[in-house]
Amino acid sequence: MHIAVTGNIGAGKTTLTTMLAKHYGWDAQFEDVDHNPYLEDFYADMSKWSFALQIYFLGSRFRQVKEIRESGKNIIQDRTIYEDAHIFAENLNDMKLLSDRDFNNYVSVFGLMKSFVSAPDLLIYLKSDVPNLVKKIYKRGREYEASISIEYLSKLNQKYEKWISNYTEGKLLVIEVDDLDFVEKPEDFGFILEKIEAELNGLF
Ligand SMILES: Nc1ncnc2c1ncn2[C@@H]1O[C@H](COP(=O)(O)OP(=O)(O)O)[C@@H](O)[C@H]1O
Ligand SMILES: Nc1ncnc2c1ncn2[C@H]1C[C@H](O)[C@@H](COP(=O)(O)O)O1
C-alpha cells in the first residue's frame, strides 16, 4: 500500500509521516531536504536557481516512485512528484522566477516521467492557512527558510487548493490541521487515525 501526505511548506507532513510510519510500522520516504545541494541557494536567489532545484527534486522524487513500485512494501511518502510540477514549478513560472523556456523544458521531462507514476492508494492533504504555516516554519527554524514570503506561501496555497479540488487520481482525505495539535494531543492524532482507517477500510 502506498500512502502520501501532501500540503504546503510547514503544514506538518514530515511530522505526520513520521508518526504514521511508527504507528503502523510502515516504511517512510522523506523529501531530500538536508542534503539538497540547491535549496539554500534557491532561497537566496530564486530566479537563478529555480530550474536547477526543480530538476533536482524531480530526479529525487522519481527515484522514490521507482522504489515504491519495486519494493512491494507498505510505504508512506512525504510529498508527491505531482506537487513539484503542479504546485512549485507552475508557481515559479507564474511569478516569472522560472522562464517559459525552462518551464516548457521541465514540463516535457515531467510528462515523460508521469507515465511511470502511479497515484497513491490514499492522498492525505494537510490544509492550513498562511499565518499558521508561518508559525510552524518559524518553529522549525531552518535559517534559509526565513526569507519565505507571505506572498509565496499564499500563492502556493492557492495552487494546492486548485490542484486538490481537481484531484481524481485516487482516494483523497482532506484534514484541516489548524485546530489540531497531533504532536502534543493523542486525541488529535487518534482523530486522524480514525479518518485514515475509514478511508482505507478493506485495504488494511
Ligand atoms: N498539528 C501540529 N501541531 C503542532 N505543531 C505542529 C503540527 N504540525 C507540525 N507542527 C510543527 O511544525 C513544524 C513544521 O512541521 P513539518 O512536519 O516539518 O512540516 P512540513 O513537513 O509539512 O513542512 C515542526 O516543528 C512541527 O513539529
Ligand atoms: N519542487 C520544489 N520547488 C521548490 N521548493 C521545494 C520543492 N519541493 C520542496 N521544496 C522546499 C520547500 C521547503 O523549503 C523544503 C522542504 O519542504 P517541506 O514542505 O518543508 O517538507 O523544500
Legend entry - Extension gain (nm, one decimal) between Glu169 and Glu67, 0.36 nm per residue minus Cα-Cα: 34.7 nm
Inset, instruction - Obtain the nm distance between the two label points defined at Ala44 and Ala146 by a simple spin-label model: each point lies 7 Å from its Cα along the Cα-to-C-beta direction. - result: 1.4 nm
Inset, instruction - Kindly provide the trypsin sites (Lys or Arg not before Pro) of segment 84-142 that DSSP labels as loop, not H, G, I, E or B, and whose Cβ sees at most 11 other Cβ atoms within 10 Å. - result: Lys96
Legend entry - Cα-based convex hull, segment 63-164, per residue volume (Å³, whole number): 131 Å³
Inset, instruction - Report the full-extension gain for the segment Ser115 to Ser60: residue separation times 0.36 nm, less the Cα-Cα distance, to one decimal in nm. - result: 18.1 nm
Inset, instruction - Identify which of Asn105, Asn93, Asn132 has the largest mean-square fluctuation in a Gaussian network model of the chain, with springs joining Cα atoms closer than 10 Å. - result: Asn105
Legend entry - Average projection area in nm² (convex hull over Cα atoms of segment 92-148, one quarter of hull surface): 6.2 nm²
Legend entry - By average C-beta atoms within 10 angstrom, highest first, the peptides 23-34, 143-154: 23-34, 143-154
Legend entry - Between segment 35-57 and segment 105-162, the alpha-carbon center distance in angstrom: 15 Å
Legend entry - Only Lys, Arg (+1) and Asp, Glu (-1) charged, at Cβ; segment 107-204 dipole about Cα centre in debye: 500 debye
Inset, instruction - For the chain, take the alpha-carbon Rg, divide it by the Kirkwood Rh, and send me Rg/Rh. - result: 0.94
Inset, instruction - Pull up the cross-link candidates among the lysines for Lys159, meaning alpha carbon to alpha carbon under 21 Å and not fewer than 8 places away within one chain. - result: Lys13, Lys96, Lys114, Lys127, Lys135, Lys136, Lys171
Legend entry - Stretch gain in nm, segment Ser154-Ser108, where the contour uses 0.36 nm per residue and the Cα spacing is subtracted: 13.9 nm
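Asp181 to Asn74: FRET efficiency via 1/(1 + (r/R0)^6), r the Cβ-Cβ distance, R0 25 Å, to the nearest 0.05?
Numbers: r = 26 Å, r/R0 = 1.05.
Approximately 0.40, to the nearest 0.05.
Bear in mind that the values in this text are calculations on the coordinates, not laboratory data. Please read all numbers here as calculations on a predicted model, not as lab measurements. Quick reminder, even Gly has a Cβ in these numbers, built from the backbone with ideal geometry, and neighbours come from all protein chains shown.
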